[in-house]
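A short write-up of the structure that comes next.
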Amino acid sequence: QVQLVESGGGLVQPGGSLRLSCAASGSILSIYAMGWYRQAPGKQRELVASITSGATINYYGSVKGRFTISRDNNNNTVYLQMYSLEPEDTAVYYCHADLRELRSGMRYDAWGQGTQVTVSS
């Protein structure tokens, strides 16, 4: 069994910064990619940023130039540093991992429980 646990969300004023963390634990053989999605009220979940085990990084949409994703492969942890936050960034942020489980050998997508980010004055 694999768990993804996020932390670091909260309330921040426009223009502020936040850093999200997500640690994967459990029966993990390998993690191919990790990333962050977000879902705002009334909207579909969207991919924000991703990073592979080989450190290939992609950013999507309006976060380019404002968010930075990084990864600690030794600790199966991914981070999302968010700068210049805007009210439109308000959403629940979900951690994602494309991984292979050690016990079963199966490859699947794992998700965190989500952390709320609210940008408001």
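The values are calculated or read from the model by the stated rules, or taken from the named source; none is laboratory data. What you see is a predicted model; the values in this text were computed from it and never measured. All Cβ positions, even for glycine, are placed from backbone atoms using ideal geometry, and neighbour counts span all protein chains on display. We work out accessible area using only protein heavy atoms, side chains counted, and drop any ligands, DNA or RNA first. Shrake-Rupley method; radii C 1.70, N 1.55, O 1.52, S 1.80 Å.
For the structure I just gave you, tell me whether Tyr32 is aromatic (Phe, Trp, Tyr) and surrounded by fewer than 17 Cβ atoms within 10 Å (Cβ to Cβ).
Values: aromatic (Phe, Trp, Tyr): yes; surrounded by fewer than 17 Cβ atoms within 10 Å (Cβ to Cβ): yes.
Criteria met by Tyr32.
Where strands (runs of 3 or more DSSP E) fall wholly inside the range 44-121, the ranges with 2 or more residues that are aromatic (Phe, Trp, Tyr) and open to solvent by less than 60 Å² (accessible area, probe 1.4 Å) are 91-101.
I'd like to know if the range 23-31 contains one or more residues that are polar (S, T, N, Q), closer than 16 Å to Ser7 by Cα and in contact with a Lys or Arg (Cβ under 9 Å, 6 or more places away or on another chain). Within the range 23-31 (the criterion being polar (S, T, N, Q), closer than 16 Å to Ser7 by Cα and in contact with a Lys or Arg (Cβ under 9 Å, 6 or more places away or on another chain)), the answer is no, since none of the residues qualifies.
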